[in-house]
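Working notes, structure below.
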Amino acid sequence: MEVSSGITNRRRYRYRRTVSIRRGRRGVVSVVGTLLALLVFFALFGIFVTQYVPIWMADNESNFSASVQASLAELKQNIDLQAALGRPPLFSTPFSLASQGIPLFAQPTQGTLNYIPHTQGVYLNVSMEWGPGGKPDFSSNVSLGTIHVSLPNRYYTTEQFEYENDAVIQSQGDTSQVLLYPPPFTINRTGEHTTVNFEELQLYGNASQIVSPGTVQVFSQLDNVQSFPSNGTGLGGDPPAGTPFGASITLGTLYPCAWATYLNSTLRASGLHPGLNYTLTPDTCVPSNGLSTPVKLVFFGITTFNLILASFQIVIGVGSG
């Protein structure tokens, strides 16, 4: 009986020990499984944060830049239509000033819109040897207003947009600039006759700076449109109409690279010859280094010059987001 009791006790001990070892192993397996699951989760989370979030946000900011560009193009189109028709008196153009974000991971990128009715260093001077009504040495000098939109993109290229003298300029630096939508500027050459049409755009109103997560409205209100034509005739008909005369356009700008490149391309496509029919200074991309730079175009021997001066009131208001 004593032997049987000892054997039974040993069996019970072995059983308890086996159960304890099995439970311990299951506990270790549970801990290891949990750690592996966490490692997999953090690995996937890290890939999402470092790979997919930048790609996603770069796409959002690219669409944001395209939206601002489209809004400036629409504003220019509205102003051109108002100037051409003399009506309607008021147009509204929506501007979205924030990109899409990623919930919990990335905040939307917000842009800044600045309207300055008299931007320092941004001006336009147009002069003609013979002006309207035969007036000699005609000159028109205006300080230009600008609408500037800054996009401090974090995942896409940082960009600046400028609406200046009815032209939309996209800039990514001092020498990376393009004039996307040019002002009304045409040159027609037929035989010995050369006609130049050019428009000045004055913007008035209160200076404004807008930073908004939603949409703002830019209102353009037509004030007046004036025309200053010349056919080269002087006072009393001396010299007679059609006599070739000189004219010049000088633009003070912070974006000389964009303007010089655009004007040079337009002039070469017109059939005029540099040095003989005109001079352009500078005639290639030059950096402004943040300073106002004059771009001067001088015509020799043109027969007609039509200058249009359009004036607009600009008002900016917050719309619905």
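The values are calculated or read from the model by the stated rules, or taken from the named source; none is laboratory data. Note that this is a predicted model, so its numbers are computed, not measured. In this analysis, Cβ positions are derived from the backbone assuming ideal geometry, glycine residues included, and neighbour counts consider all displayed protein chains. Note: accessible area is taken over every heavy atom of the protein model, side chains too, but ligands, DNA and RNA are not part of it. Shrake-Rupley method; radii C 1.70, N 1.55, O 1.52, S 1.80 Å.
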Run the simple label-point estimate for residue 172 and residue 211 please: 7 Å along Cα→C-beta, distance reported in nm. 2.5 nm
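With r as the distance between the Cβ atoms of residue 137 and residue 63 and R0 = 56 Å, compute the FRET efficiency 1/(1 + (r/R0)^6) and round to 0.05. Before the final figure, lay out the partial values.
Details: r = 51 Å, r/R0 = 0.91.
With R0 = 56 Å, the Cβ-Cβ based efficiency is 0.65.
Based on the Cβ-Cβ distance of residue 52 and residue 158, what FRET efficiency does E = 1/(1 + (r/R0)^6) give at R0 = 22 Å, to the nearest 0.05?
With R0 = 22 Å, the Cβ-Cβ based efficiency is 0.50.
Against the 2.2 N^0.38 Å scaling, with N counting residues, where does the range 213-321 land? I'd like the Cα-based Rg ratio to two decimal places.
Numbers: Rg = 19.1 Å, N = 109, 2.2 N^0.38 = 13.1 Å.
Relative to the 2.2 N^0.38 Å estimate, the range 213-321 comes out at 1.46.
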With axes computed from alpha carbons, what is the tilt in degrees of helix 2-47 against the longest principal axis of the chain, rounded to the nearest 10 within 0 to 90? 0 degrees
For a quick check: with amide H placed at 1.01 Å from N, whose amide H comes under 5 Å from residue 159's, ignoring anything fewer than 5 positions away on the same chain? 151, 153
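Quick check of the Kirkwood formula: for the chain, what is the inverse mean of 1/r over all pairs of different Cα atoms, in Å?
24.1 Å
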Let me cross-check residue 266: its accessible surface, 1.4 Å probe, with only protein heavy atoms counted, in Å² to the nearest 10? 30 Å²
In the chain, with Lys and Arg counted as +1 and Asp and Glu as -1 at Cβ, which of these residues, 218, 294, 128, has the Cα nearest the positive end of the dipole, that is, farthest along it? 218
With only helices counted (DSSP H, runs n ≥ 4, each -39500 (n - 2.57)), the per-residue ellipticity at 222 nm for the chain, to the nearest 500, works out to -10500 deg cm²/dmol
Taking the convex hull of the Cα atoms, report for the range 148-258 its projected area averaged over all directions, in nm². 10.8 nm²
7 Å from Cα along Cα→Cβ at both residue 90 and residue 291: what's the point-to-point distance in nm? 4.4 nm
Label-to-label distance, nm, for residues given as residue 225 and residue 107 (7 Å Cα→Cβ offset): 4.5 nm
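Once the mean 1/r over all distinct Cα pairs of the range 71-145 is inverted, what Kirkwood radius in angstroms do you read off?
Details: mean 1/r = 0.0603 Å⁻¹.
Result for the range 71-145, one decimal place: 16.6 Å.
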Quick one: give the max-minus-min coordinate of the C-alpha atoms of the range 250-303 along each principal axis, largest first, in Å. 36, 17, 14
